[in-house]
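The values are calculated or read from the model by the stated rules, or taken from the named source; none is laboratory data. Worth saying up front: this structure is predicted, and the values here are computed from it rather than measured. Here the Cβ is made from the backbone with ideal geometry for all residues, glycine too, and neighbour counts use every protein chain on show. Just the protein is used for accessible areas: all its heavy atoms, side chains included, with ligands, DNA and RNA removed. Shrake-Rupley method; radii C 1.70, N 1.55, O 1.52, S 1.80 Å.
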Amino acid sequence: MADEEKGPADPAYLEIPQVGALIETCDPWEPVQLVGPDGVVVRAVSEYLKDLQAAGRAAATQRSYGMDLLRWFRFLWAVEVSWHQATRSEGRDFSRWMQIADKPAKPHWRAPDNAVVPGKGTARRKYSAATRADEGPLRDRPAPLLRLPPGGRNRAHREPVPFGARPT
């Protein structure tokens, strides 16, 4: 029954540090860059955003996708999984976390103590359904979907080799 207990590894208890950043540049060839907690540009994201630009996506779209990817990478950094080791399991946990997590509080310039700003409604504490259901970079995110064991076969659990048959 230990598997049913919630603990620190459960997304419900996960604290996502606000590390890394999406930086807007003055370079038309690379309008935004995602940098990690160490301040180094995340090359996988840069390559992905270059592909978006080549497909005719505007700089604003690249920024929007960059923000989504920043949220995804922050999650991966918090669970200590590198992007090239991420699987569907991490994607599932990220989706679950977004459904239950509070958005990070950002102070407003007119009310740095997080007081209510006159004329503005209260900020939503949870991520919106539109944010959670993003069909952009997390659907075809720059990460593999399947991690094979050394010497393993893709879909081996679904297509076993019959007894006595030689694998091709």
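Structural remarks
- Qualifying residue in region 25-47 (condition: free of Cβ contacts under 8 Å to residues at least 60 places away in the same chain, buried (at least 16 other Cβ atoms within 10 Å of the Cβ) and in contact with a Lys or Arg (Cβ under 6 Å, 6 or more places away or on another chain)): yes
- Check on TRP77, outside any strand (DSSP E or B), within 23 Å of ARG125 (Cβ to Cβ), modelled with pLDDT of 90 or more and open to solvent by 30 Å² or more (accessible area, probe 1.4 Å): yes
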